[in-house]
Amino acid sequence: MKIYAIRNDNYSEVASYLIYSKAEKQFAIEITQDADEWKTPLLIASFLKRNITTIDPFHSKEWVKQRIVPTDRQNLGQILRDNGLKTYDEYELLILGNGRCAQDDHYIDEIGFGELPADIQERMNKRIKSAVPLGNGQYLVCFLDGCIKKCNIFEISRDNERLEGVFRLYPSEMDNARPLTDGYGFGWGDDMCILYPSLYSKGTDLPINYSELTSAIKNSLVSSAEAGDILDCSRQYINELVRKGRLKPIKFSGKNPLFLKSDVINIRYTQKS
């Protein structure tokens, strides 16, 4: 992840920051909570007016595209060759010009995560660590700060008319979210997404943290070999229990079934009684 302060020649304050993931070629923009809209680039200011401080990848890329040579520029191939580029790459072109353009006096300056303002660091520490789809638009979302929340995608999308319209027509799409790079949220296509601040603020808190959840999962599942140890039996007997429906796998890892430990223990006590 690369981080750039969006600076201006005319004042020292920095109100916005560009985040870039080179692996996914994805941009995002973070704006400080107390930013002055008159000291931010026009497109960024339009989000600030709506009290949006995290800009989605689609519009962040649109800001970048305003500051580089367009794809329809005459003699584009020669321009790329002159700058040592084999293909059109928004990020490389942005870096070549330090993010400068004729529209304003803004430019970009690379910094480290620790140089971000405290409010943005705190915000970004609430990005998504992992997410588990539960079905019917429900997700169990684990955040970087350790919190776990249950998120109802349809309810959270109510402030996004396009997404809400898609979900009303095609409700199954709620379960087809694509994770955005670096935990920025869920996406459906290039320009429709729900970012992590909305998921964090509108999700329902669960009284468990990430460490407790992973520990619970680890201690709840057993393999065929571990089930055999608990029941003091062979793997063939475990397979027979499965065939008769007395023991039901909850997942297969390759050809190896995984069982709930509690189900196996119940069988052990049933055999003894």
TODO: Pick out the one residue from 226, 173, 212, 164 that is at pLDDT 90 or above, out of contact with any Pro (no Cβ under 6 Å at 6 or more places or on another chain) and over 30 Å from residue 57 (Cβ atoms).
DONE: 226
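Restricting to the stretch 97-115, count the residues that are among the aliphatic types (A, V, I, L, M) and either outside the structural domain of residue 61 (by TED's automatic domain parsing) or modelled with pLDDT under 95 (or both).
Our first condition is that a residue be among the aliphatic types (A, V, I, L, M); within the stretch 97-115, this holds for 102, 108, 111.
This time we only want the ones that are either outside the structural domain of residue 61 (by TED's automatic domain parsing) or modelled with pLDDT under 95 (or both), so: 102.
Result for the stretch 97-115: 1.
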- [ ] Within the stretch 1-31, track down each residue that is among the hydroxyl-bearing types (Ser, Thr, Tyr) and closer than 22 Å to residue 194 by Cβ.
- [x] 16, 17, 20, 21
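Inspect all residues belonging to the stretch 171-180 and state whether any of them is surrounded by 12 or more Cβ atoms within 10 Å (Cβ to Cβ) and either over 22 Å from the mean Cα position of the chain (by Cα) or touching a residue at least 60 places away in the same chain (Cβ under 8 Å) (or both).
At the first step, the residues of the stretch 171-180 found to be surrounded by 12 or more Cβ atoms within 10 Å (Cβ to Cβ) are 171, 173-175, 177, 179-180.
If we keep only those that are either over 22 Å from the mean Cα position of the chain (by Cα) or touching a residue at least 60 places away in the same chain (Cβ under 8 Å) (or both) as well, we get 180.
Yes, because at least one residue in the stretch 171-180 is surrounded by 12 or more Cβ atoms within 10 Å (Cβ to Cβ) and either over 22 Å from the mean Cα position of the chain (by Cα) or touching a residue at least 60 places away in the same chain (Cβ under 8 Å) (or both).
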- [ ] State which residue is farthest from residue 220 (Cα to Cα) when the search covers only the stretch 246-261 and only residues that are surrounded by 11 or more Cβ atoms within 10 Å (Cβ to Cβ) and hydrophobic (A, V, I, L, M, F, W, C).
- [x] 247
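Just checking, does the stretch 39-62 include any residue being among the acidic types (Asp, Glu), in a loop (DSSP other than H, G, I, E, B) and more than 23 Å from the chain's Cα centre (by Cα)?
Within the stretch 39-62, the first condition is being among the acidic types (Asp, Glu), and the residues that meet it are 56, 62.
If we keep only those that are in a loop (DSSP other than H, G, I, E, B) too, we end up with 56.
Filter again for more than 23 Å from the chain's Cα centre (by Cα), leaving none.
Scanning the stretch 39-62, I find no residue that is among the acidic types (Asp, Glu), in a loop (DSSP other than H, G, I, E, B) and more than 23 Å from the chain's Cα centre (by Cα), so the answer is no.
The values are calculated or read from the model by the stated rules, or taken from the named source; none is laboratory data. Bear in mind that the values here come from a model prediction, so they are computed numbers and not experimental data. Cβ coordinates were reconstructed from backbone atoms using ideal geometry, including for glycine residues, and neighbour counts include every protein chain displayed.
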